[in-house]
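Inspection log for the structure reproduced underneath, given as structure tokens.
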Amino acid sequence: MATYCLTVARLQLALGQGARRLHVSAAYRAKAKVAMSRFEPTSFVNYENLQSNVDIVRKRLNRPLTLSEKIVYGHLDDPHNQEIDRGRTYLRLRPDRVAMQDATAQMAMLQFISSGLPKVAVPSTIHCDHLIEAQIGGAQDLARAKDVNQEVYNFLSSAGAKYGVGFWKPGSGIIHQIILENYAYPGVMLIGTDSHTPNGGGLGAICIGVGGADAVDVMAGIPWELKCPKVIGVKLTGSLSGWTSPKDVILKVAGILTVKGGTGAIVEYHGPGVDSISCTGHVTKSVFYFVGMATICNMGAEIGATTSVFPYNHRMRTYLEKTGREIAALADEYSDLLVPDEGCEYDQIIELNLDELKPHINGPFTPDLAHPVSKVGAVAEKNGWPLDVKVGLIGSCTNSSYEDMGRAASLAKQALDKGLKCKAQFTVTPGSEQIRATIERDGYAKTFRDVGGVVLANACGPCIGQWDRRDVKKGEKNTIVTSFNRNFTARNDANPATHAFVTSPEIVTALAIAGTLNFNPETDYLTAPNGEKFKLEPPTGDELPSKDFDPGQDTYQHPPADGTSLKVDVNPQSNRLQLLEPFDKWSGNDLEDMQVLIKVKGKCTTDHISAAGPWLKFRGHLDNISNNMLIGAVNSENDAINKIKNHLNGEYGGVPDVARHYKANGVSWVVVGDDNYGEGSSREHAALEPRHLGGRAIIVKSFARIHETNLKKQGLLPLTFSNSSDYDKIRPDDKISIRGLKTFTPGKPLTAVVKHSDGTEETLELNHSFNETQIEWFRAGSALNRMKSLQH
């Protein structure tokens, strides 16, 4: 049964006591135009259209709407006729803009080039943040990255200029922080080619992570499809205090929902806790400072959520003003549109009393294994996890704001005042050039260096495996603590023996100073060099700089008004970039006697399917990056990684090598997998690579949302066992035929005929989530093939 949210107070509560009021006539408002960003003065915020669509849908559905529904349905291509049923129907949407990070932008722009279209149809940007490897320090690492990645940066820069895409140069910062500072605003719908795009929900936006092919649809002006999301309401009461931070909210929610509990849903935060007032140290403030809301939304990706969102409030307005945007006054006028309706229904409710919430730390090896910080030391001892913290790392798109840096610096200063430095190595990643310049000016960066830290480049760095780590050998068991969002096996440093834990920047800093997991800063003492024992006081920090932000260096490249005469060259001899060839169309027949390439055992994220780290350099070259396909997946036959049997010659080899051998010999193949297959990053290479190497179907117990869509986009068949126990019936040497493709229709299962090597056969039912449009992608060979065919 649907539950009901409590009444959402109107303007006064939403915008805070004493909020500035603007009384503007409807006629004036209709004439007023506010730019979506300072970089796009001719693209305007269109709350009128959003309001009109919401009114149409509300009247049709005859019920109050959640905030998520308002923004999503407000972007419907056809609000009058769109069928709307949460969790069942597919919506055709018109997002406002697209953002791409450099690792995924390569393939997205290659696909856009293949489409033959002259210019993007919506404001779009490219952000260079993924290809900078952390090694020595910010300036040196950035200089090296510019040299090593010059070919890729030139390609992205020139492609952006030709097709009308804004280009943020290397050193600008992490895509999601740049979006917060410049592009996100309450009510906007943005899609981004990165799974942590939901970060923008902290500013009241619906920001959704997608694969590059989805981005191409939007950039081409084609309605974008999304299965109508369910809505999970998280009702917050009480207030945060002491060592507890907003990061602990999502760490706790991850422990409740697990890595797949949010699949197919938007998580919507509401309740009095959102705007509660508390005392942190000597500063009275709203405990849900804006950047904390962004942190919570960012890590919603770790529970499989489509995205997460907070209602518009005075904190968001202040941030918009501080970052130099004129949208705040207009958002005030439409504030009722930017909060949930009274009496709205949620599909599920989670209640969190912030008064009772304690600091948390999650891990190792999965972001949903939640522990109170007070208990993690004992749990680690019991499980044989290394207690010594080798490295503490703060930053990443999840926690690299000015507030995060300030709170961590307040702890570092306390240690320094007592003569202590970090026992563990300590690294700091600013979220953007603006954050870097501001923390340098305000002394935070110096404090970090003085306590033993290294300030890295404004980039993703170790969070995504761009870390040239040299303090431990591969295979050496060790512990690191981070303020990142993911901690999958080998993700950060390519070492499968590294036990990575995610927590708040404050707890990371405290544990780096103490040098052990067995330290609870709320109760435990540190010892100064003079023998004095002392406790760290709870962290403090300003939400926004009192002197305003220092923008630092200008790192943005505007696209020219007309780029049609420009050229984008791709060297045929390049090992980093490769123009795409169309995938083959469906033959019109059932798929017969396909070899099981690998039956995957257990967790299989997109990191397992298409590793990052050193492989990032091949993200623009499909054939080269395909050499990492499934090299991290565990083979159920022998519990080995990247060791499978080639059933044509009887020899064992790496997964990509065997797949290439099958393709060269005309043998189609399938992958069999477990639950939540493809969780994690939005990287579409995890779908492109199997298609490129001859795969036809991926058959699993369940899929993560983005990966399932990516597979469909590339002409593969993502299928699920009707009975999940049928996974156990598949043997590593089986051949599988998929029947029913000639009558392939939405909602109608397909049939798998499984031939065992002993001559026996079994028939299994396979479910799918294809709609009519997606079936056309399959028949055409890919969504891009279908798009091109419709142009003629």
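Looking only at the range 319-334, count how many residues are closer than 23 Å to residue 266 by Cβ and surrounded by fewer than 20 Cβ atoms within 10 Å (Cβ to Cβ).
1
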Answer yes or no: is there a residue in the range 584-594 that is modelled with pLDDT under 95 and among the acidic types (Asp, Glu).
-> no
Taking the range 182-191 and the residues there that are part of a loop (DSSP other than H, G, I, E, B) and not aromatic (Phe, Trp, Tyr), the one that is surrounded by the fewest Cβ atoms within 10 Å (Cβ to Cβ) would be 188
Might you let me know whether the range 545-558 holds any residue that is in contact with a helix residue (DSSP H, G or I) (Cβ under 8 Å, 6 or more places away or on another chain) and over 26 Å from residue 142 (Cβ atoms)?
-> no
When you go through (1) open to solvent by less than 20 Å² (accessible area, probe 1.4 Å); (2) within 11 Å of residue 597 (Cα to Cα) one by one for residue 667, which number turns out not to apply?
-> (1)
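Of these, 311, 359, which one is more than 30 Å from residue 494 (Cβ to Cβ) and surrounded by 21 or more Cβ atoms within 10 Å (Cβ to Cβ)?
311
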Quick one: which of 283, 291, 274, 259 is at pLDDT below 95, surrounded by fewer than 22 Cβ atoms within 10 Å (Cβ to Cβ) and β-branched (Val, Ile, Thr)?
-> 283
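With out of contact with any helix residue (DSSP H, G or I) (no Cβ under 7 Å at 6 or more places or on another chain) and not polar (S, T, N, Q) as the only criterion, which of 311, 359, 364, 340 stands out? Let's see the steps before the verdict.
Numbers: 311 fails: out of contact with any helix residue (DSSP H, G or I) (no Cβ under 7 Å at 6 or more places or on another chain); 359 fails: out of contact with any helix residue (DSSP H, G or I) (no Cβ under 7 Å at 6 or more places or on another chain); 340 fails: out of contact with any helix residue (DSSP H, G or I) (no Cβ under 7 Å at 6 or more places or on another chain).
Going through 311, 359, 364, 340 in turn, the sole match is 364.
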Quick one: would you say residue 473 is within 18 Å of residue 538 (Cα to Cα) and basic (Lys, Arg)?
-> no
Residue 343 vs. criteria within 16 Å of residue 204 (Cα to Cα), open to solvent by 20 Å² or more (accessible area, probe 1.4 Å) and at pLDDT 90 or above = no
Within the bounds of the range 461-481, is there any residue that is closer than 26 Å to residue 178 by Cβ, out of contact with any Gly (no Cβ under 8 Å at 6 or more places or on another chain), surrounded by fewer than 18 Cβ atoms within 10 Å (Cβ to Cβ) and not assigned by the TED database to the domain that holds residue 180?
-> yes
Taking residue 363 and the conditions (1) in contact with a Lys or Arg (Cβ under 9 Å, 6 or more places away or on another chain); (2) farther than 22 Å from residue 66 by Cα; (3) small (Gly, Ala, Ser), which numbered condition does it fall short on, given that it satisfies the others?
-> (1)
Which one of these is under 21 Å from the mean Cα position of the chain (by Cα) and open to solvent by 40 Å² or more (accessible area, probe 1.4 Å): 146, 169, 119?
-> 169
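Here is a yes/no grid of residues against (1) hydroxyl-bearing (Ser, Thr, Tyr); (2) touching a strand residue (DSSP E or B) at 6+ places or on another chain (Cβ under 8 Å); (3) at pLDDT 95 or above:
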position	(1), (2), (3)
617	no, no, no
624	no, no, yes
634	no, yes, yes
639	no, no, yes
643	no, yes, yes
647	no, yes, yes
653	no, yes, yes
670	no, yes, yes
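Among the candidates 719, 688, 711, which residue alone is under 13 Å from residue 768 (Cα atoms), modelled with pLDDT of 95 or more and in a helix (DSSP H, G or I)?
Of the residues listed, the single one that is under 13 Å from residue 768 (Cα atoms), modelled with pLDDT of 95 or more and in a helix (DSSP H, G or I) is 711.
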Qualifying residue in the range 238-249 (condition: within 22 Å of residue 549 (Cβ to Cβ), of a type outside the set (S, T, N, Q) and either buried (at least 23 other Cβ atoms within 10 Å of the Cβ) or at pLDDT below 95 (or both)) = yes
Looking at residue 642, is it open to solvent by 10 Å² or more (accessible area, probe 1.4 Å) and over 30 Å from residue 570 (Cα atoms)?
-> yes
Looking at the range 649-664, which of its residues are under 16 Å from residue 692 (Cβ atoms) and either open to solvent by 70 Å² or more (accessible area, probe 1.4 Å) or out of contact with any Ser or Thr (no Cβ under 7 Å at 6 or more places or on another chain) (or both)?
-> 654, 655, 657, 658, 659, 660, 661, 662, 663, 664
From 210, 259, 216, grab the single residue that is touching a residue at least 24 places away in the same chain (Cβ under 8 Å) and more than 16 Å from the chain's Cα centre (by Cα).
-> 216
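Tell me which residues, restricted to the range 499-550, are acidic (Asp, Glu) and touching a residue at least 60 places away in the same chain (Cβ under 8 Å).
Scanning the range 499-550 gives 506, 522, 532, 537, 542, 543, 548, 550.
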Can you find a residue in the range 93-102 that is surrounded by fewer than 22 Cβ atoms within 10 Å (Cβ to Cβ), farther than 22 Å from residue 214 by Cα, modelled with pLDDT of 95 or more and in the same structural domain as residue 329 (by the TED database)?
-> no
Inspect all residues belonging to the range 410-417 and state whether any of them is closer than 24 Å to residue 376 by Cβ, in contact with a strand residue (DSSP E or B) (Cβ under 8 Å, 6 or more places away or on another chain) and buried (at least 23 other Cβ atoms within 10 Å of the Cβ).
-> yes
Every listed condition ((1) in contact with a Ser or Thr (Cβ under 8 Å, 6 or more places away or on another chain); (2) open to solvent by less than 10 Å² (accessible area, probe 1.4 Å)) holds for residue 697 save (1)
Would you be able to say whether some residue in the range 567-582 is surrounded by fewer than 20 Cβ atoms within 10 Å (Cβ to Cβ), out of contact with any helix residue (DSSP H, G or I) (no Cβ under 8 Å at 6 or more places or on another chain) and at pLDDT 95 or above?
-> no
Run residue 421 past the list (1) of a type in the set (D, E, K, R); (2) out of contact with any strand residue (DSSP E or B) (no Cβ under 6 Å at 6 or more places or on another chain); (3) farther than 30 Å from residue 550 by Cα; (4) assigned to a loop (DSSP other than H, G, I, E, B) and report the number of the one that doesn't hold.
-> (3)
Could you check, for the range 198-221, whether at least one of its residues is part of a loop (DSSP other than H, G, I, E, B), among the polar types (S, T, N, Q) and open to solvent by less than 10 Å² (accessible area, probe 1.4 Å)?
-> no
Are any residues in the range 362-388 open to solvent by less than 10 Å² (accessible area, probe 1.4 Å) and farther than 13 Å from residue 506 by Cβ, and if so, which ones?
-> 362, 363, 364, 367, 376, 377, 380
Mind listing whichever residues of the range 156-181 are of a type in the set (Gly, Ala, Ser), out of contact with any Leu (no Cβ under 6 Å at 6 or more places or on another chain) and in a loop (DSSP other than H, G, I, E, B)?
-> 164, 172
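The values are calculated or read from the model by the stated rules, or taken from the named source; none is laboratory data. Remember, it's a predicted structure, so these values are computed and weren't measured experimentally. Positions of Cβ are generated from backbone atoms using ideal geometry, with glycine treated the same way; all protein chains shown enter the neighbour counts. These area figures cover heavy atoms from the full protein model, side chains too; ligands, DNA and RNA do not enter into them. Shrake-Rupley method; radii C 1.70, N 1.55, O 1.52, S 1.80 Å.
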